[in-house]
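Asks: This is the structure I have questions about; it appears just below.
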């Protein structure tokens, strides 16, 4: 999907006078920011707390030279290991009660993962939900073993997207269902994204429950719905509208708009400790984002911010921002103790940032 967005941006940015920054090719730290290299487009992150590892969504290009995968990042050793697919390890058939019975089987090495969410199912199992673009457009469901010694993922089922939906992110609901963002038209992606750049609606939030079809939530239509998070009770949605430069809060059952906040090109949104949200924001001109769309080596350098948002009053604070080395183009952030971990849609690294005391006070403030 990053190539789709890059192609659309290229049409609008052809006359941009500023020059795009060169990719970052070294893996050197800078002050409190330490890159962990050896990944491929680690777009989204999820924390396994007992194992003390991150699940990393390494977003590949379907049928391209870099297939996608899910990997583990061990936080203590800062080492990467494969999580799915695993060579020589066959998938079991779909398991009853996981996803749609019409799911045709596991994605295997065609997987091209995008947005992630980790949640506890009603039956007590730990579930990883993964937006997938490889071989089919779908949400893939994995059972997670959060073992300190041997974390593992086992594919259990899937839900296929509607015919024209290009998905982006996903968030679990308490009943075992989920919501996912329909970013743009799959049949006409360039036309769709160009319309979004003109502030036209390109998609909406889709909702799925066991035994029902995936449906759009009326009222959630927007220019390029991107990241999504759900309140613990499942009643409120927080949606990053990338091409509207807004985060919007919706009542899930009705699609009623509750609040909105201006944030530059918001990408993924994740919960932080204490009930606040972490939003990755892109602060770069169009030509710099365009240049990263086709990046094959090194790291995207453009300016990004990680915004801390209190959903109770919709006040936001810039928790961290960077341009250039050691990493640009941040897309997703998680906070583990006082360490901020940031992924990227175009590059070879995850960034670890030791937050300063003032930043931790903002996170902990009531």
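Asks: So which strands (runs of 3 or more DSSP E) stay within the range 202-314 end to end and still have 2 or more residues that are under 26 Å from residue 120 (Cα atoms)?
Replies: Numbers: elements: 205-208, 225-230, 236-241, 246-251, 257-262, 266-272, 276-282, 304-310.
Filter on the range 202-314 gives 205-208, 225-230, 236-241, 246-251, 266-272, 276-282, 304-310.
Asks: Does the range 351-363 contain at least one residue that is without any contact (Cβ under 8 Å) to a residue 40 or more places away in the chain and touching a strand residue (DSSP E or B) at 6+ places or on another chain (Cβ under 6 Å)?
Replies: no
Asks: Determine whether residue 153 is closer than 21 Å to residue 227 by Cβ and part of a strand (DSSP E or B).
Replies: Numbers: closer than 21 Å to residue 227 by Cβ: no; part of a strand (DSSP E or B): yes.
Considered against the rule, which asks whether it is closer than 21 Å to residue 227 by Cβ and part of a strand (DSSP E or B), residue 153 comes out as no.
Asks: Please tell me if residue 181 is under 18 Å from residue 265 (Cα atoms), in a loop (DSSP other than H, G, I, E, B) and touching a strand residue (DSSP E or B) at 6+ places or on another chain (Cβ under 6 Å). Can you show your working first?
Replies: Working: under 18 Å from residue 265 (Cα atoms): yes; in a loop (DSSP other than H, G, I, E, B): no; touching a strand residue (DSSP E or B) at 6+ places or on another chain (Cβ under 6 Å): yes.
For residue 181, the condition - under 18 Å from residue 265 (Cα atoms), in a loop (DSSP other than H, G, I, E, B) and touching a strand residue (DSSP E or B) at 6+ places or on another chain (Cβ under 6 Å) - is not met.
Here's the yes/no breakdown for (1) more than 20 Å from residue 47 (Cβ to Cβ); (2) at pLDDT below 95:
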{"residue": "316", "(1), (2)": "yes, no"}
{"residue": "320", "(1), (2)": "no, no"}
{"residue": "323", "(1), (2)": "yes, no"}
{"residue": "327", "(1), (2)": "no, no"}
{"residue": "331", "(1), (2)": "no, no"}
{"residue": "343", "(1), (2)": "no, no"}
{"residue": "348", "(1), (2)": "yes, no"}
{"residue": "365", "(1), (2)": "yes, yes"}
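Asks: Among the residues of the range 321-346, count how many are in contact with a helix residue (DSSP H, G or I) (Cβ under 7 Å, 6 or more places away or on another chain) and free of Cβ contacts under 8 Å to residues at least 60 places away in the same chain.
Replies: Here is the first cut: in the range 321-346, the residues in contact with a helix residue (DSSP H, G or I) (Cβ under 7 Å, 6 or more places away or on another chain) are 329, 335, 338, 345-346.
The next check asks that each one be free of Cβ contacts under 8 Å to residues at least 60 places away in the same chain; those that pass are 329, 338.
Counting residues in the range 321-346 that are in contact with a helix residue (DSSP H, G or I) (Cβ under 7 Å, 6 or more places away or on another chain) and free of Cβ contacts under 8 Å to residues at least 60 places away in the same chain gives 2.
Asks: Within the range 274-295, how many residues are more than 18 Å from residue 241 (Cβ to Cβ) and in contact (Cβ under 8 Å) with a residue 60 or more places away in the chain? Talk me through it step by step, then tell me what you get.
Replies: Narrowing the range 274-295 to residues more than 18 Å from residue 241 (Cβ to Cβ): 274-276, 285, 287-288, 290-295.
Imposing the further condition that a residue be in contact (Cβ under 8 Å) with a residue 60 or more places away in the chain reduces the set to 274, 276, 285, 287-288, 290-295.
Of the residues in the range 274-295, 11 are more than 18 Å from residue 241 (Cβ to Cβ) and in contact (Cβ under 8 Å) with a residue 60 or more places away in the chain.
Asks: Being free of Cβ contacts under 8 Å to residues at least 12 places away in the same chain and surrounded by fewer than 17 Cβ atoms within 10 Å (Cβ to Cβ) narrows it down to one residue among 88, 105; which is it? Before the answer, list the steps.
Replies: Working: 105 fails: free of Cβ contacts under 8 Å to residues at least 12 places away in the same chain.
So the residue among 88, 105 that is free of Cβ contacts under 8 Å to residues at least 12 places away in the same chain and surrounded by fewer than 17 Cβ atoms within 10 Å (Cβ to Cβ) is 88.
Asks: Moving on to the next point. Counting only residues that are farther than 18 Å from residue 151 by Cβ and under 15 Å from the mean Cα position of the chain (by Cα), give me the strands (runs of 3 or more DSSP E) lying completely in the range 30-82 with at least 1 of them. It would help to see each step written out before you state the result.
Replies: Values: elements: 33-37, 42-48, 53-58, 69-74.
So the answer is 42-48.
Asks: Further, regarding this structure: Which ones in the range 343-358 are surrounded by fewer than 21 Cβ atoms within 10 Å (Cβ to Cβ) and over 12 Å from residue 34 (Cα atoms)? Can you show your working first?
Replies: First, the residues of the range 343-358 that are surrounded by fewer than 21 Cβ atoms within 10 Å (Cβ to Cβ): 354-358.
356, 357, 358, listed by residue number.
Asks: Still on this model: Applying the selection to the range 181-216, what residues are in contact with a helix residue (DSSP H, G or I) (Cβ under 6 Å, 6 or more places away or on another chain), modelled with pLDDT of 90 or more and buried (at least 21 other Cβ atoms within 10 Å of the Cβ)?
Replies: 184, 196, 202, listed by residue number.
The values are calculated or read from the model by the stated rules, or taken from the named source; none is laboratory data. All figures in this text were calculated on a predicted structure; none of them were measured in a lab. Glycine gets a Cβ as well: all are built from the backbone with ideal geometry, and neighbour counts include every protein chain shown.
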